[in-house]
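Each value in this text was obtained by applying a stated rule to the coordinates, not by laboratory testing. Just so it is clear, the structure is predicted and the values come from calculations on it, not from any experiment. Quick reminder, even Gly has a Cβ in these numbers, built from the backbone with ideal geometry, and neighbours come from all protein chains shown.
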Amino acid sequence: MTEKSEGKKQFAHILKPIKIGPIELKNRIVMAPMNEALSGAHGEVGEQYIAYFGARAKGGTGLITTGAIMATKLAGEFPAGRNPHLYHQGHMLGMNNLTDRVHYFGSKVAAQMTIGFGRQGHSYDHHKLAPAATAGLPYEIAAEKSPNHCADLYAVMEFSRYYMKGQMTREMSIEEIRSEQKEFANSCQLAVISGFDAKEIHGPHGYLEHQFLSPFSNKRTDMYGGEWRNRKRFLMEVAEQVRYACPGVAVGCQISAEEHMQGGLTEEEMIDVAKDLQTIGLDYISLSDGAGYEESGHLITDMDRSKHIPEHGEAFKKALNIPVVVSSQHDPVKIEKNIAEGKYDLQAMGRQLYCDPEYVNKLEAGKAKEIVRCSRCNTCLMRFLAALTPACPQNPNLGREYALDEYKIGPWQKHESIMPEGTMRASMPSLDRPWWRNELGYIEKCWRPLQGRTSR
C-alpha cells in the first residue's frame with residue numbers, strides 16, 4: 001500500500017467530502033477566521049492578502065474563511081486591527097481576485113462579514129465613541145468575573161488603553177440598528193457577486209452581535225434588551241436579512257459556545273441561539289468560545305480549554321440538523337477520532353495553518369508526521385493585536401506568500417479600476433431592489449476569469 005493510499009485510509013473521515021447547504025467541500029478542514037492584518041490602510045485587498053489565502057487553498061484546505069470583513073461604513077471606522085472592507089462596489093475587485101485565486105486551487109471560500117466590533121473596536125479618532133449595545137462600557141466590566149483574564153497581557157502592549165482600560169461606547173439607537181442591518185445585508189450581496197461560496201455572520205466572543213446577547217454588555221431596556229428573547233433579537237434580524245439577501249449560497253454564523261464567566265451566557269442558551277438560526281435557514285454553525293478579550297480563553301487557547309471544545313461541538317451536534325464547525329484542535333489523529341464518533345462535522349484551525357499551509361496535502365499523501373506542528377507560542381496573535389503583519393517562528397513565509405512564484409497564477413492584470421469614476425462615493429442601492437442581478441453581465445464581462453498559471 002502506497003503512502004498516499006495509507007493516508008487516505010488513516011484519515012478517511014477528515015478527507016471525506018461534506019455538503020453545506022448548496023456547496024460541497026472536498027474535505028472537513030476549514031481555515032478558521034483570523035485577523036490577518038494584510039489588507040491596506042483603507043481596507044483594500046491586494047496581492048499580499050490574496051496570496052496568503054491562496055497558499056492555504058493550494059495546501060488542500062476544504063473551506064477558506066476570511067477574517068472579519070467590515071461590512072458597513074460605520075464598522076470600518078472602528079476596527080480592531082487592519083481589516084478588509086466590503087461595503088461598496090469599489091471594494092469588489094480585490095475580493096473577486098481573491099475568490100478566483102482560491103477557486104483556482106480547488107477550494108471553497110467563505111466571507112466572514114461583521115456588522116461591527118462594538119466595544120472591542122476603536123477609532124483612530126480618539127474623540128469618537130464606538131457604537132455598541134449599551135453606552136459607557138469599559139473593558140473592566142467583567143474582569144472580576146473572569147477566571148483567566150488577560151490584564152497582564154494587555155498591560156505590556158502599546159495600545160492597551162483601547163482594550164483592558166477600554167474606550168467608552170455609545171448606545172446604538174433603533175434607527176441606527178435598522179440602518180446598519182440593511183447596509184450589512186447589502187454588503188453580503190456584494191460578497192455574492194464577488195464570487196464567495198458562503199457568507200459567515202461574525203457573532204462570537206464579545207463582538208457586537210455577542211454584546212447584544214450577553215447580560216454583561218447589554219443593559220438596554222427597549223426591544224433589544226432585558227429578557228432573553230429581546231437580547232437575541234438583533235442577531236436574528238441580521239440573520240434573516242442576510243438569508244433573504246443571499247439566496248443560492250451557503251450562510252452560516254460563528255458564535256461562542258458559552259462565556260465561561262459567572263452569570264454569563266451558558267451552553268444551553270447558545271444552543272437555543274443556534275436552533276433559532278437553523279430555523280431561519282442558516283446552513284452551518286461555527287463554534288468559538290469565551291466572552292471576549294477580557295475573558296481570553298478563545299484568544300489564548302490553553303490545552304485545558306482545547307479539551308472542552310469537542311465537548312461543546314458534541315452538544316451542539318446533538319441539538320442541530322446542520323453541520324457544526326469546531327476550532328482549537330490541531331492533532332489529526334484526535335480530529336479523525338472526533339469526526340468519526342460524530343462529535344462534530346468539520347474542524348477549523350487558524351494558527352496551525354499559519355504554521356503549515358500544506359496540512360491537508362500531507363495528510364492525504366500519508367505524511368502526517370511531516371506536518372510542522374504549531375507550538376502555540378502565539379507570536380502571530382500578539383502581532384495581530386498590534387495590527388502588524390503576521391509572523392511565525394516556524395514559517396518564515398507567513399505573510400510573504402506574494403513573493404513566491406508558486407502562488408502567482410493567471411494572466412497578471414494591472415490593477416486598474418473597472419468602476420466608473422465616482423462609484424466609490426455613490427450611495428448604496430436598496431436591498432429592496434436586487435440591482436446586482438441586472439448588472440451581473442457587465443461585471444462578469446469586466447472581470448475576466450483566470451486563464452491558467454503564468455508568472456508575474
- Sorted largest first, the C-alpha extents of segment 65-116 along its principal axes in whole angstrom are 34, 20, 15
- Note on the structure: Here Rg/Rh (Cα, Kirkwood) for segment 3-408 equals 0.93
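What do you get for chymotrypsin sites (Phe, Trp or Tyr not before Pro) in segment 70-129 restricted to DSSP loop and a cutoff of at most 12 other Cβ within 10 Å of the site's Cβ? Spell out each step's value before the answer.
On the way: sites: 87, 104, 105, 117, 124; in loops: 87, 105, 117, 124.
When the chymotrypsin sites (Phe, Trp or Tyr not before Pro) of segment 70-129 are filtered for loop state and at most 12 Cβ neighbours within 10 Å, 124 remain.
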- Pull out the extension gain between residue 397 and residue 135, defined as 0.36 nm times the separation in residues minus the alpha carbon to alpha carbon distance; nm, one decimal. 90.1 nm
- Most exposed first, judged by fewest Cβ atoms within 10 angstrom, 407, 244 run 244, 407
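Quick one: compute the contact order of segment 3-408, relative version, from alpha carbon pairs under 8 angstrom and 6+ residues apart, as a percent. Walk me through the intermediate numbers first.
Numbers: 894 pairs, mean separation 84.1, N = 406.
Over segment 3-408, the number comes to 21 percent.
Can you order the peptides 91-97, 223-229, 207-213 by their average number of other Cβ atoms within 10 Å per residue, highest first? Let's see the in-between values first.
Values: 91-97: 22.7, 223-229: 13.6, 207-213: 26.4.
Highest-to-lowest ranking by the protection proxy: 207-213, 91-97, 223-229.
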- Item | Potential extension, residue 4-residue 369 segment - 0.36 nm per residue separation minus Cα distance | 130.1 nm
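May I ask you to sort 333, 102, 326, 372 by Cβ crowding, counting other Cβ atoms within 10 Å and putting the fewest first? Spell out each step's value before the answer.
Values: 333 11, 102 26, 326 31, 372 15.
Going from least to most buried by this count: 333, 372, 102, 326.
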- Length gained when the stretch residue 221-residue 42 is fully extended (0.36 nm per residue, less Cα-Cα span): 60.8 nm
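Tell me, Kirkwood radius of segment 27-123 from alpha-carbon pair distances, in Å? Write down the numbers at each step before the final one.
Details: mean 1/r = 0.0746 Å⁻¹.
Roughly 13.4 Å, rounded to one decimal.
With the Cα gyration tensor of segment 202-241 giving a ≥ b ≥ c as the square roots of its eigenvalues, does the rule (a/c under 1.5 for rounded; else a/b larger than b/c for prolate; else oblate) give rounded, prolate or oblate? List each step's numbers first, then the result.
Details: a/c = 2.37, a/b = 1.15, b/c = 2.06.
The shape class here is oblate.
Summing +1 for each Lys or Arg and -1 for each Asp or Glu, what net charge is found among the other residues whose Cβ lies under 12 Å from the Cβ of residue 373?
Details: positive: 351, 362, 369, 376; negative: 331, 356, 370.
Here the count lands on +1.
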- Query: To one decimal place, what orientation-averaged projected area in nm² is obtained for the convex hull of the Cα set of segment 190-297?
  - Reply: 6.9 nm²
- Query: What does a probe at residue 170 reach in segment 178-211, counting residues whose amide N is under 14 Å from the point 7 Å along Cα→Cβ?
  - Reply: none
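Arranged from highest to lowest average of other beta-carbon atoms within 10 Å per residue, in what order do the peptides 184-194, 5-15 appear? Don't jump to the answer; show the numbers that get you there.
Values: 184-194: 23.2, 5-15: 17.1.
The packing order, highest mean first, is 184-194, 5-15.
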